[in-house]
Each structure stands twice: as C-alpha cells, then as structure tokens.
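Contents: one structure, followed by commentary.
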Amino acid sequence: MQIVIVDSSRVVLQIIASLIEPRGHAVHPFTDSERALEFLAATPTVRVLITSLEVRPLCGLELCWSARLLAESRGPLHVITMSSARNVRSLAEALDSGADDFIEKPPSAEELNARLRAAERLTTMQEELIRLAETDPLTGSYNRRAFFNRARAAAARDPRPGAVSAILLDIDHFKRINDAHGHDVGDVAIKAVAESISGSGIAGRLGGEEFAVILPGRGLGEAVAHAERLRGDVQALQIRGAKGPIALSCSFGVSTWRDGDSVEALVKRADVALYAAKGGGRNRVVADQGEGVRAVAR
C-alpha cells in the first residue's frame, strides 16, 4: 500500500518508515501537514494516512477532518492518529474528527503492522463496494449515477464554453434484435457497443440500449468527429446470432458546454440531437447548434 506519514520529527518519520517499509509498503513522509494534505489530494492511490496529533500548520485533528472530507471524492482512505499522550479525550477527539484508529507513539512494529493489515482489508472491501455501486453489471461501464458524478466533476474543473462536450448514443432498432434473436443476443450487442466506447472520455450506460460519453477538453467540432469515429466502429461490429452474423448501428447526438450550463442541460441537448438523428434515418451523427440541430454528413 501507499502510506502517508505526518510528524513534526524527522527521526519519528524514519523510525515508523523503518517499521513498515520492509513489509513492502511505499511510504511518503511529511513534516508539514498542509503539504501532506496536498499530496493526498493529488495521489488517490494512497490508502493510509498516519498522522501525529502534534503537527503544524494544520493540527492533527484538522488534518484528519480535511482528509476525511477529501476521501469522499478520492476513494477509500484509512486514517490512523498517533500521540505520545494517550488518554480518553484524545482518542474521542481523534475519532470524532474522522480518524479510523489511534495508536500510541512510538508504536511497536507488531501492533503497527497488524493495524495496517486491518486497514488494507477495510480499504479493499470499500473499493469493491464502491466498484459495485458505480458499475453497470452487464457492461462494466459506469452506471447512470457514477457517470453523472464524474461528468459534474469534469465540468467543474473547466466550466468555460466549449471546454466539455457530450455524446449520447442509442442502438438502432434494438427491439428488433431482441425480438428476432432473443435477449441473450441483445445483451451481447449492448456489451459490444459498451466496449467500443470504453476508451472514450467518461463513458457510461444510462439505461437499456442508451449510452453517454463526456469529453473533457473538446469542443463541438472535435466531439462530432469523435462521434463519427464511434459510429463507424459500431457499424463495423458483427455479433453472432443463431441465424448468422448480426450488424449493428447507433444514432448519435452531440452537444457542448455553454455559459451558465449544467451537466443535465448539456446531456439534454445531446439527447434532443440524438432523437433528431433517429428521426432523420438513424446511423448518423447530429450536433446541437444552439438554436437547433445539424446533421453531420457521412
């Protein structure tokens, strides 16, 4: 595991690192608690924070609280506080501030590594629960909730007009596939389309045969070109049916970010463009143009 250790004493940092590095853990020591918090924010692979209560400029309780808030968006983080002054009040304050565990300083190697093994079990379980909560079980793509959460985060990072674009796509005549070939073949078709768009920005399955892609850093023109490539990729797919290969196609709607926009509005405009694509003959890309939609010549 990757572990951040925070203490005002470099000697203490060296002692604790020497106790856990032989077990294969990667240790990141800090004497400055603000720098440690910045590192945690930038390194979501860190799974454990060990911090003394007596650190600066953020005290240990403040660091615990800030790290716990950070963990809501970055992923599982097990927080262990340590202090040479063990008492009921210190323990209660640490736990109330977001700590998961409390040890005396300096800890013994056996106790510290046992607590780290427990932390690894808990964070692994939390990661799996998060994965299950965010993943569409059929395709492995983001589910609707996870997709919108990540789309909002992408838009918040750069809310300028044209800085984020959305693509909505829908499998053409999907009901016919289910009716003619069965739901098992329909599931294969859904998984094939999901795999085709899996490397495209933030991709998710919104439900049924409908998918969405968020493209951070791409304006309308680039998003339209990307949608056209995806359309060609899907059209090249052939899935196996009982009566032979089955060809697929998808219709696409594209929109881009505007001043004062929201992710919901962005996706809604792409959805309107998608329905225009389906109404215009399917297997095509239609772009939202502000006052209306525009079909893209193939």
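The values are calculated or read from the model by the stated rules, or taken from the named source; none is laboratory data. The structure presented is a predicted model; accordingly, all values stated were derived computationally and were not measured. For neighbour counting, all protein chains shown are included, and Cβ atoms are generated from backbone atoms with ideal geometry for every residue, glycine included. Please note that ligands, DNA and RNA were not included when accessible areas were found on the heavy atoms of the full protein model with its side chains. Shrake-Rupley method; radii C 1.70, N 1.55, O 1.52, S 1.80 Å.
Among (1) open to solvent by less than 40 Å² (accessible area, probe 1.4 Å); (2) closer than 24 Å to Arg144 by Cβ; (3) not in a loop (DSSP other than H, G, I, E, B), which single condition is Asp261 missing?
(3)
Would you call Phe30 touching a Lys or Arg at 6+ places or on another chain (Cβ under 8 Å) and more than 26 Å from Ala133 (Cα to Cα)?
no
Exactly one condition in (1) open to solvent by 20 Å² or more (accessible area, probe 1.4 Å); (2) at positive phi is false for Glu104; which is it?
Of (1) open to solvent by 20 Å² or more (accessible area, probe 1.4 Å); (2) at positive phi, only one is false for Glu104: (2).
Is it fair to say Ser90 is in contact with a Ser or Thr (Cβ under 6 Å, 6 or more places away or on another chain), over 18 Å from Pro29 (Cβ atoms) and either surrounded by fewer than 16 Cβ atoms within 10 Å (Cβ to Cβ) or polar (S, T, N, Q) (or both)?
So Ser90 passes the test.
Condition check ((1) small (Gly, Ala, Ser); (2) touching a residue at least 60 places away in the same chain (Cβ under 8 Å)) across all residues:
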site	(1), (2)
Arg144	no, yes
Ala154	yes, yes
Asp170	no, yes
His181	no, yes
Lys191	no, no
Ile197	no, no
Ile202	no, yes
Glu209	no, no
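Mind checking whether some residue in segment 114-131 is assigned to a helix (DSSP H, G or I), open to solvent by less than 10 Å² (accessible area, probe 1.4 Å) and aliphatic (A, V, I, L, M)?
Yes, because at least one residue in segment 114-131 is assigned to a helix (DSSP H, G or I), open to solvent by less than 10 Å² (accessible area, probe 1.4 Å) and aliphatic (A, V, I, L, M).
Listed here are the residues, each with its yes/no results for (1) out of contact with any strand residue (DSSP E or B) (no Cβ under 9 Å at 6 or more places or on another chain); (2) under 26 Å from Ile214 (Cα atoms); (3) surrounded by fewer than 19 Cβ atoms within 10 Å (Cβ to Cβ).
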{"residue": "Leu63", "(1), (2), (3)": "no, no, no"}
{"residue": "Ala67", "(1), (2), (3)": "no, no, no"}
{"residue": "Glu110", "(1), (2), (3)": "yes, no, yes"}
{"residue": "Ser141", "(1), (2), (3)": "no, yes, no"}
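Just checking, does segment 34-50 include any residue being within 30 Å of Asn149 (Cβ to Cβ), in contact with a Gly (Cβ under 6 Å, 6 or more places away or on another chain), open to solvent by 50 Å² or more (accessible area, probe 1.4 Å) and in a loop (DSSP other than H, G, I, E, B)?
Yes; the residues of segment 34-50 include at least one that is within 30 Å of Asn149 (Cβ to Cβ), in contact with a Gly (Cβ under 6 Å, 6 or more places away or on another chain), open to solvent by 50 Å² or more (accessible area, probe 1.4 Å) and in a loop (DSSP other than H, G, I, E, B).
Please determine whether any residue of segment 74-81 is without any contact (Cβ under 8 Å) to a residue 24 or more places away in the chain, within 30 Å of Val213 (Cβ to Cβ) and either not charged (D, E, K, R) or not in a helix (DSSP H, G or I) (or both).
No, that holds for no residue.
Out of everything in segment 19-33 that is more than 21 Å from Arg56 (Cβ to Cβ) and not in a helix (DSSP H, G or I), what residue ends up being most open to solvent (accessible area, probe 1.4 Å)?
Across segment 19-33, the extreme among qualifying residues is Gly24.
Out of Ala212, Ala153, which single residue is among the small types (Gly, Ala, Ser) and crowded, with 18+ Cβ neighbours inside 10 Å?
Ala212
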